[in-house]
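Got a structure for you, questions after.
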Amino acid sequence: MPVRPRVGSRHFKQQHPWLKGLSTRLGIATLVLVICIISFVYSVGFTNSSYNVENIDVDKLWRTADSGGWRSSSAPRSYWPPPPTETNGFLRVRCNGGLNQQRTAICNAVVAARIMNATLVLPELDTNSFWRDESGFPGIYDVEHFVKTLRYDIRIVKGLPEVTSKGKTKKLKAHQIRPPRDAPLSWYTTFALEKMKQHGAIYLTPFSHRLAEDIDEPELQRLRCRVNYHALRFKPNIMKISSEIVNRLRSQGHFMSIHLRFEMDMLAFAGCVDIFTPAEQKILIKYRKENFAEKELVYRERRLIGKCPLTPEEVGLVLRSMGFDNSTRIYLASGELFGGDRFMKPFRALFPNLENHSTVGPEKLEENARGLAGSAVDYMVCLLSDIFMPTYDGPSNFANNLMGHRLYYGFRTTITPNRKALAPVFMDREEGKGDRFEERVRKVMFSTGKFGGPHKRIRPESFYTNSWPECFCQVNARNKRDKCPPSNVVELLESRLQSEELDESENSNSTAGLSDDSFI
């Protein structure tokens, strides 16, 4: 019987020496792959639960998040010419929705005015919305501060000017246009600009979500941040009331703010009705039919994909599982909770130190507690709180804007519950399978939370929720685009503005025919 040659690995490599190099390369590649997998596992938080979850020091959450060497900065980082005295016309907008939806609309209006070289008429705030508040822009925001902050970016007027034609003087009439939702920049620089030049002024209404969020021009994104975080300052009386509330809350130590989104409109929108009585379900279903598109929604399915707001009790259970004790002081920013006090009782039993602007604020606020002023006070208190927790960050402009503002305002801690990951944990508890409940909640919260630190923006996260990296910079940046602008950037902008105004005043009087009091 013939002897078969050995085909072991050593013999085979001797017969085929080219395999020796290949095996070495494969070994290195395998090692790299293993390292990458380990790094990925650690990055998403799936470390040893007995260490990562049990040994978390919840007291650290009262501090600001790690900045990673970043700081907020929305100043221009490239050539940014001042607005010319002579513009292409006037831009008038009506900002619909609640306070924060209007806020983002104002930011978009400023960007639109900039790219169109238009003079912006002080934005109108919708008075026919849920708030039924006729305060308008001057009743909520500091107009003088708004104009002064944006003087290097656009020109702003109180109202449309009067024009003289054929011996008659009358107010300029704006051509009304309904802009498309999430319109690209090109729509404003072509169609809208053409109508502006044709009529002298255009009126864009409604103006909610009428400019695309994703703009591949960092300077325009930074302009949005200048408007949102610098120019839009509430009136002094609102700032004073907010400061008084914060001081009272902080007089006893740290405090947390929670945006408890459990109102009728949100519950009806989400389609989460099964936890309510038959009578309450009828109210929610009726509201949904009257206000939202018809769609078959299954409660269990909605909950499993994280579309249902957390109940007040669930919020309390999350906080307790994370390690917060019942002495924690909490400020609640919310509208009228649907379902009455029976939903609040379990939460209050867990955390009795609950406050809102009615219990800790001055009596004079109650006159307009449901209006824009009340929402503005809630916004400021939540902004200045040590920790902020939104219970529903879906279509909630209040929560989304606040998370973005707190990020910009020094990476202030934000606890964002992962409702999709928490759903099966809560559903098991409701079905009597509550073993290791708090451990499971902790694992979800501490392995999926960002807690307010800088992180990459990934859809569907909004620019207004996370303006990193466009509106942030690093003092010791490796990448040139991340480098902080010079400290004298304001002086440079002022110099350019004065130079522009001087040059144009020598050429001609560009405001002839306009009444002087139209300009601010």
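The values are calculated or read from the model by the stated rules, or taken from the named source; none is laboratory data. Since this is a predicted model, take the numbers as computed values, not measurements. Methodologically, a virtual Cβ is constructed for each residue, glycine included, from the backbone with ideal geometry; neighbour enumeration extends over all protein chains shown. With ligands, DNA and RNA removed, areas are computed over all heavy atoms of the protein, side chains included. Shrake-Rupley method; radii C 1.70, N 1.55, O 1.52, S 1.80 Å.
Roughly how many Å² of Arg77 are accessible to a 1.4 Å probe, to the nearest 10?
Taking all protein chains as shown, Arg77 has close to 60 Å².
Quick one: what does P(r) look like for the stretch 327-446 with 10 Å bins over all Cα pairs, in whole %?
In order of increasing distance, the bins hold 11, 34, 39, 13, 3 percent.
Quick check: Cα centre of the stretch 368-439 to Cα centre of the stretch 326-363, how many Å?
So the two Cα centres are separated by 14 Å.
Now, a different point. Return a single number: how many Lys pairs in the stretch 118-203, at a sequence separation of 8 or more or on separate chains, have alpha-carbon atoms below 24 angstrom apart.
The number of close lysine pairs in the stretch 118-203 is 17.
Follow-up. Give Lys286/Lys420; Lys307/Lys433; Lys235/Lys483 a once-over and call out the pairs whose C-alpha atoms are over 25 Å from each other.
Those over the limit are Lys286/Lys420; Lys235/Lys483.
According to the Cα gyration tensor, what semi-axes, each the square root of 5 times an eigenvalue, does the equivalent ellipsoid of the stretch 62-113 have, listed from largest to smallest in whole Å?
Ellipsoid semi-axes (Å, largest first): 30, 22, 5.
Loop-only chymotrypsin sites (Phe, Trp or Tyr not before Pro) in the stretch 237-330, please: DSSP not H, G, I, E or B, and at most 15 other Cβ atoms within 10 Å.
Counting only loop positions with at most 15 other Cβ atoms within 10 Å, the chymotrypsin sites (Phe, Trp or Tyr not before Pro) in the stretch 237-330 are Phe292.
If the cut-off is 23 Å between C-alpha atoms, which lysines fall inside it for Lys60, apart from same-chain ones fewer than 8 positions away?
Qualifying lysines at Cα under 23 Å: Lys443, Lys450, Lys456.
Tell me, how many Å apart are the Cα centres for the stretch 159-223 and for the stretch 254-292?
Going from one Cα centre to the other spans 36 Å.
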